[in-house]
Amino acid sequence: MASSAAPADGTAHGATSAAADWNETAYRGGVDVVEGSGVDRETVTGTVFVDRNRNSAQDRNERGLAGVSVSNGRVVTTTDSKGRYELPVEDNMTVFVTQPRGYQVPVDDDNVAQFHYHHLPTGSPELRYGGLEPTGPVPDELNFPLTASTETRSPEQHCAIGADVQTYNAKEAEYARAGAFADLAERSDYTGCGVLFLGDVVGDDLSMFDETRDLTRTLNGPARFLPGNHDLDFDSPARDHNFDTFRAQLGPEYFSFDAGKAHVVALSTIEYPGTTSQYTYGLGERQLEWLRNDIAAVPEDRAIVLAGHSPLLEFWYSDSHRTKQLREIYDILEGREVISLGGHTHMSENLREGDLMAGWKDLVGEDGLPFTHLTVGAVSGHWYAGRQLDAGYPTAVQRDGTPPGVLTLDIKNTRITERYTVRGDDGSQQLALGLNTPRYRDWFAANRSKVGSAPELAEPLSVSRDELAGTWLTTNFWMGSTGSTVQVRIDGGGSVEAGRTQQLQGEGVRIGAEWSDPAANLETLPHGGGLVERTSHLWRLELPADLAVGEHTAEVTATDVHGRELTESLTFEVTE
């Protein structure tokens with residue numbers, strides 16, 4: 001295949017010098033905790049201030065900042081004219097500041113954002129991975145330093161999103177380092193908004209958080225995290241302590257921050273009862289109350305980026321994967337400019353306003369989705385499975401045919417444009433082309449249960465003349481969506497529009513060889529990865545039945561919902 005797509009905006013010219021600039025100029029520090037007399041307090045107080053000399057303490061000439069949101073995880077207040085705030089104390093709470101536009105919170109030496117303080121007087125119950133140490137009484141002062149930032153002031157932002165790094169061991173951490181993290185280390189466009197990791201940061205072994213921090217040390221911007229179902233303290237005796245080790249190592253379960261004219265909300269969407277291995281998707285009443293209060297404090301002229309580990313709704317599991325408080329979340333966001341992000345499923349989906357699947361009708365009605373929902377392809381891909389590549393990582397093709405990578409939200413004012421960058425690529429790789437022939441379908445049916453051990457299909461880009469009428473040229477357009485088009489020219493002839501296999505007009509999920517992606521399955525069935533027999537972003541065109549014997553070339557031009565064009569070609573052979 002040959003590609004004529006241009007590299008995506010934001011990557012890498014001058015990235016090396018920009019990385020050096022970040023390391024030299026990053027605002028490093030932490031929250032200023034002023035310990036007191038040990039008296040139990042009913043409120044926590046402090047100041048949000050501009051830390052001009054970057055020493056994380058408010059000096060006499062450093063002003064407080066008015067109108068900044070601070071929360072205890074339930075109540076949201078705003079600072080007064082002197083930057084002061086006051087919040088009620090709860091026994092187990094995290095107090096955090098919402099980074100305002102034009103300012104940036106400090107990061108530690110591993111580039112992890114520092115904007116919070118955990119209050120847990122007696123510490124966590126006994127947990128395998130430690131949890132939180134006892135904090136004792138509420139401090140006398142809990143002060144949040146900020147530094148002025150032209151990066152977060154700019155109306156143009158680039159927010160990098162990494163889903164499901166999910167490293168189970170040091171070997172997989174090195175795969176992540178050689179893949180998505182190496183790509184991010186070469187980029188210079190996300191210093192303002194930073195990188196948000198959408199949960200399943202590790203794979204059950206919470207000691208791997210140390211490896212995670214070693215990875216984030218390579219970034220050129222702040223790292224923030226929200227928790228997933230593999231980041232739990234599974235030995236926690238109570239729900240309130242399910243994510244204590246995550247909190248101790250990486251930050252709050254949920255929070256928000258501003259960059260440009262975007263307000264990013266990171267949610268904790270995994271509920272684990274602690275008595276079985278089954279988790280569910282929900283916010284809980286405390287977090288839902290915080291979300292309502294947080295959004296109420298956001299000006300109407302801001303775009304909302306709502307992120308959780310599990311998607312609010314998605315295509316693949318459209319009958320089952322949904323957040324319990326979905327209607328309440330939609331009500332809270334009604335009338336706002338919103339885009340929703342999720343990970344968890346290890347695949348990519350780009351679902352637009354008005355899209356509808358049969359499994360959603362009970363929740364969204366006949367009008368379909370109220371705003372764009374993106375499921376972000378995993379950094380780990382299909383759990384680091386598949387053929388090992390010379391670049392230092394496995395193919396790990398996911399269950400929708402998407403390779404591992406990172407999503408970026410390119411934001412200008414309140415307009416948000418999404419782009420996906422396959423790890424090891426400059427952003428130009430966006431399509432996979434293949435042939436779905438009768439011979440392929442027979443091979444798929446015989447081997448669909450043998451992922452990783454199936455025999456190779458001989459000459460997959462060859463089709464006999466008598467099977468042309470039952471053969472489709474397939475295009476897996478990884479970020480394709482409603483509003484995208486795929487045009488095909490065979491041997492330089494006229495352009496013909498391919499059809500999308502899923503119209504998202506209220507139908508059910510189409511599953512099987514007929515709806516599968518040959519390009520992906522030819523890799524994954526013999527070598528490992530996901531079985532790709534359904535996807536929301538596959539286009540196909542039946543080949544003309546009168547093609548002559550010999551070699552032919554199909555030129556495919558895919559145009560996304562934002563008008564960006566990508567062209568690739570596929571050479572195939574017709575035989576007697």
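The values are calculated or read from the model by the stated rules, or taken from the named source; none is laboratory data. Keep in mind the model is a prediction, meaning the values are calculated, not measured. Here the Cβ is made from the backbone with ideal geometry for all residues, glycine too, and neighbour counts use every protein chain on show. Side chains included, ligands, DNA and RNA excluded: accessible areas come from the protein's heavy atoms. Shrake-Rupley method; radii C 1.70, N 1.55, O 1.52, S 1.80 Å.
Inspect the stretch 521-539 for any residue being over 22 Å from VAL422 (Cα atoms) and either modelled with pLDDT of 95 or more or not acidic (Asp, Glu) (or both) and give the result as yes or no. Looking through the stretch 521-539, none of the residues is over 22 Å from VAL422 (Cα atoms) and either modelled with pLDDT of 95 or more or not acidic (Asp, Glu) (or both). Would you confirm whether any residue within the stretch 58-69 is on the phi > 0 side of the Ramachandran plot and among the polar types (S, T, N, Q)? Checked against the condition, which is being on the phi > 0 side of the Ramachandran plot and among the polar types (S, T, N, Q), the stretch 58-69 yields no hits at all. For the stretch 97-115, the condition holds for no residue, the condition being that it is farther than 30 Å from LEU407 by Cα and either among the hydrophobic types (A, V, I, L, M, F, W, C) or outside any strand (DSSP E or B) (or both).
The residues in the stretch 273-312 that are touching a residue at least 12 places away in the same chain (Cβ under 8 Å) and in a helix (DSSP H, G or I) can be counted, and the count is 12. Go through the residues of the stretch 193-214 one by one and say whether even a single one is out of contact with any strand residue (DSSP E or B) (no Cβ under 8 Å at 6 or more places or on another chain) and within 28 Å of LYS261 (Cα to Cα). No. Do the conditions hold for LEU127, that is, is it open to solvent by 10 Å² or more (accessible area, probe 1.4 Å), under 30 Å from VAL48 (Cα atoms) and modelled with pLDDT of 95 or more? Answer is no for this residue. There is at least one residue in the stretch 392-399 that is part of a strand (DSSP E or B) and either under 15 Å from GLU523 (Cβ atoms) or in contact with a Cys (Cβ under 7 Å, 6 or more places away or on another chain) (or both). Does ASP244 qualify as being buried (at least 24 other Cβ atoms within 10 Å of the Cβ), acidic (Asp, Glu) and over 22 Å from the mean Cα position of the chain (by Cα)? So ASP244 passes the test. Looking at LEU435, is it over 22 Å from ARG534 (Cα atoms), touching a residue at least 40 places away in the same chain (Cβ under 8 Å) and open to solvent by less than 40 Å² (accessible area, probe 1.4 Å)? Answer is no for this residue.
Of the strands (runs of 3 or more DSSP E) lying entirely inside the stretch 468-576, the ones with 3 or more residues being in contact with a strand residue (DSSP E or B) (Cβ under 6 Å, 6 or more places away or on another chain) and buried (at least 17 other Cβ atoms within 10 Å of the Cβ) are found at 472-477, 485-490, 538-542, 550-559, 565-575. Taken over the stretch 313-344, the criterion of being in a loop (DSSP other than H, G, I, E, B) and open to solvent by less than 10 Å² (accessible area, probe 1.4 Å) is satisfied by GLU314, PHE315, SER318, THR323, GLY343.
The number of residues in the stretch 284-312 being open to solvent by less than 50 Å² (accessible area, probe 1.4 Å), within 20 Å of THR372 (Cα to Cα) and out of contact with any His (no Cβ under 9 Å at 6 or more places or on another chain) comes to 3.
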